[in-house]
1. Can you sort R321, R131, R291, R172 by 1.4 Å-probe accessible area, starting with the largest?
2. Can you list the lysines whose alpha carbon sits under 19 Å from that of K152, skipping same-chain ones fewer than 8 residues off?
3. Please list, ordered by chain and number, the residues whose modelled amide H lies under 5 Å from the amide H of S140; skip anything fewer than 5 residues away on the same chain.
4. May I ask you to list the lysines whose Cα is less than 17 Å away from that of K339, ignoring any residue fewer than eight positions away on the same chain?
5. Output ³J(HN,Hα) for region 120-128: one whole-Hz value per residue in order, computed from phi by the Karplus curve 6.51 cos²θ - 1.76 cosθ + 1.60 with θ = phi - 60°, and x for Gly and Pro.
6. Tell me which residues come under 5 Å, amide H to amide H, from I134 once H is placed; ignore anything under 5 positions away on its chain.
7. May I ask you to evaluate 6.51 cos²θ - 1.76 cosθ + 1.60, the Karplus curve with θ = phi - 60°, for each residue of region 77-89 and list the ³J(HN,Hα) values in order in whole Hz, giving x for glycine and proline?
8. For M273, which sequence-distant residues (separation of 5 or more, or a different chain) have an amide H within less than 5 Å of its own amide H, given hydrogens modelled in the peptide plane?
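The values are calculated or read from the model by the stated rules, or taken from the named source; none is laboratory data. Note that the structure is predicted; figures quoted are calculated from it, not measured. These accessible areas exclude ligands, DNA and RNA; they are computed on the full protein's heavy atoms, side chains included. Shrake-Rupley method; radii C 1.70, N 1.55, O 1.52, S 1.80 Å.
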Amino acid sequence: MGEVGASSSKHHMIGGDGPNSYARNSAYQKELLVSAEDLVRELISKHVDTDLETFRIADLGCSVGPNAFLAVDNIIAAVEERCGAHVPEFQVFFNDLIGNDFNTLFKLLPPSRNYLAAAAPGSFHGRLFPRGSIHLAHCSTALHWLSAAPEKPNKGRIHYSGAGKDVRDAYRAQYERDMDAFLSARGLELVPGGLVLLLLIGFPDGYLLASDSSIGHAFHTLGSCLYEMAKMGKIGEEEVDSFNLPFYYPSRTEVEAVIVANGVFDVERVAEMGAPMRRDPDAASVVSHMRAVVGVLVEERFGSGIVEQVFELHLNKLLERPILDHTHHKETIYFLFLKRKAFS
Ligand SMILES: C[S@@+](CC[C@H](N)C(=O)[O-])C[C@H]1O[C@@H](n2cnc3c(N)ncnc32)[C@H](O)[C@@H]1O
């Protein structure tokens, strides 16, 4: 069967529903899901079989919600519309890494939902479900998470943004391996003709993610806070040098090349959604979002003792210097709709 939910990684979002939680700091991801609703409806109406008794959906990298429920509701509404009088029963598997706060996720489940819910903990880079059992796999703004950050010395930085070619190449190679593993696992788990719906954060071809983009700037600022903590003697400088964030933002060409080389799926549709949040966020919400996403990684590497101070420093830096406005949102959101080729 291959590795089940294979990953040594423990990283995940901040759980619960407190002020730093992902549940309260995921408006950006929600806007993406809303902007994809019409496309999801259109494609499901063309590609879903109408004679099924049970329709199984997997939401991969669901985090703590409420976005997971929104995505699922939209998919189910589209399948219902497509199936008319013969509506199947729906079963939804919520997947995330084992450290995800599944308790909070399930406490937030809408009481009046029209599906049966289950958890599927583990890494989506490995197997999660039996062969040929899933009809639609959905994964939104999660595939930029690598299974591991490249172990390349990266002095002065915590990401490939602004780094040299060797560091960028190591990130890209890791991304290609991870995406290929993701597709191969889904290839086994989906029924023939099964569907994969992806929302990915990427950058245009040839764009070198730099500090003039909001993502590059955010990582650069977080890196400078960690180096400042090292100067204060709170953490070791070498520890920061060897700390790389496990995120890669591919171009459309890179994603399509991995899908074609993997060979299991036909690409039915690719659309560029543009970047959401075309208004300027305030410094506090930028830091809250960053903390919800990378707080656990910082804690894992440097210990819980410094997290509060790191993000306080981060906020002060953003308040001192003008924050990058929405014109620096250089990322593109790719919507991909894939169809499992028939088993040979
Ligand atoms: C930015 S959140 C997106 C959550 C949700 N899909 C949404 O649209 O709001 C990314 C999620 O992917 C999860 N994730 C990252 N790597 C993963 C992996 N290898 N397997 C499963 N989940 C993963 C993270 O733990 C996190 O909860």
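1. Working: R321 120, R131 160, R291 35, R172 85 Å².
So, going from the largest accessible area down, we get R131, R321, R172, R291.
2. Those lysines meeting the cut-off are K165.
3. Amide H neighbours of S140, under 5 Å, 5+ apart: L60, L199.
4. K46
5. 10, x, x, 7, 6, 7, x, 6, 10
6. L190, V191
7. 4, 5, 5, 4, 4, 5, 8, x, 6, 9, 7, x, 7
8. Amide H to amide H, under 5 Å and 5 or more residues apart or across chains, M273 pairs with I333, Y334, F335.
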